[in-house]
Amino acid sequence: MALIAVVLISVGLNYYFSNAYQLSFFQNGFESKVAIIVSAAFLLVITIINVIVSIVFKGAPKSFHNPKLVWIFTAVFCATILFFTMWVYPLAEKASYIQKVEKALAQSEQQAEEEITVLFMSSEKDCLRTTNSNCTNHTYKNAFFLKNNLDTQKEIQVRIRALDSKQKELKVIESDIMTLEAGELKLVETEESSDMESIWSRSSFETDTRVHSYESLYRYRDNN
């Protein structure tokens with residue numbers, strides 16, 4: 001019953017996100033393939049181990065080795081991994097992305113007098129901290145947003161100079177030329193942004209050190 005409740009709630013949230021924020025209901029094909037490959041890898045490894053143990057300990061009592069129970073465990077385990085990698089984790093990323101969008105929209109209202117608003121929303125490591133890992137080998141993913149405060153569609157490009165806590169330059173990078181409708185807000189995309197990731201998984205660029213502040217310079221033109 002708990003699993004059914006989780007599925008129904010997640011479907012409802014995905015439906016809401018898709019309609020309210022124009023986000024895809026499912027993650028893209030590449031991410032789905034990765035999730036399937038990961039699950040298949042676990043399935044293959046456990047299957048090989050189960051077959052080898054079954055051959056080596058053929059005739060052993062079921063209290064020692066129960067192949068049927070292992071097959072059931074393998075199926076449930078791999079299905080759970082697939083469910084979380086293809087459904088639960090993307091949903092959590094969507095919620096985090098939408099939180100950034102809402103925060104960016106709120107901040108942009110305070111800078112509505114500017115023609116184009118550049119907003120720095122986060123500098124985070126995409127890593128789960130464990131007792132054996134402090135994520136030191138992971139880079140910081142930085143999310144910047146652009147908002148077109150003008151009344152017409154524009155092609156916009158922004159140059160960002162990322163700074164650390166001591167105002168030391170970490171990186172200078174230019175965005176792609178992005179088309180924004182009047183009043184539209186978009187994640188800043190650069191050459192480092194991956195088209196193979198869904199929009200909610202993307203970052204503007206990465207740095208080895210956390211970004212604390214920035215300087216920006218933008219230019220725009222009519223989209224003819």
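The values are calculated or read from the model by the stated rules, or taken from the named source; none is laboratory data. As the structure is a computational prediction, the values presented were derived from the model and not from experiment. All Cβ positions, glycine included, derive from the backbone under ideal geometry; neighbour counts span all protein chains shown. Heavy atoms of the whole protein, side chains included, go into the accessibility calculation; ligands, DNA and RNA do not. Shrake-Rupley method; radii C 1.70, N 1.55, O 1.52, S 1.80 Å.
A few points about this structure:
- Filtered residues of the stretch 39-60 (kept if in a loop (DSSP other than H, G, I, E, B) and modelled with pLDDT of 80 or more): Phe57, Lys58
- Members of the stretch 37-66 found to be in contact with a Cys (Cβ under 6 Å, 6 or more places away or on another chain) and either in contact (Cβ under 8 Å) with a residue 40 or more places away in the chain or loosely packed, with under 14 Cβ neighbours inside 10 Å (or both), listed by number: Ser39
- Some residue of the stretch 22-31 being of a type in the set (Ser, Thr, Tyr), open to solvent by less than 60 Å² (accessible area, probe 1.4 Å) and either at pLDDT below 85 or out of contact with any Phe, Trp or Tyr (no Cβ under 7 Å at 6 or more places or on another chain) (or both): no
- Where Asp208 falls short, out of the listed (1) at pLDDT 95 or above; (2) in contact with a strand residue (DSSP E or B) (Cβ under 9 Å, 6 or more places away or on another chain); (3) open to solvent by 30 Å² or more (accessible area, probe 1.4 Å); (4) farther than 20 Å from Asn223 by Cβ: (1)
- Any pair with Cβ under 6 angstrom, 6 or more apart, that starts in the stretch 1-20 at a residue that is in contact (Cβ under 8 Å) with a residue 40 or more places away in the chain and ends at one that is open to solvent by less than 50 Å² (accessible area, probe 1.4 Å): Ser10/Leu91; Phe17/Leu23; Phe17/Lys94
- Qualifying positions in the stretch 137-175 - open to solvent by 70 Å² or more (accessible area, probe 1.4 Å) and touching a Lys or Arg at 6+ places or on another chain (Cβ under 9 Å): His138, Arg159, Arg161, Ser165, Glu169, Val172, Glu174
- Within the stretch 89-113, considering residues that are open to solvent by 60 Å² or more (accessible area, probe 1.4 Å) and in a loop (DSSP other than H, G, I, E, B), the one nearest to Lys141 (Cα to Cα): Gln110
- Count of residues meeting criterion [under 20 Å from Val38 (Cβ atoms) and among the charged types (D, E, K, R)] in the stretch 60-93: 1
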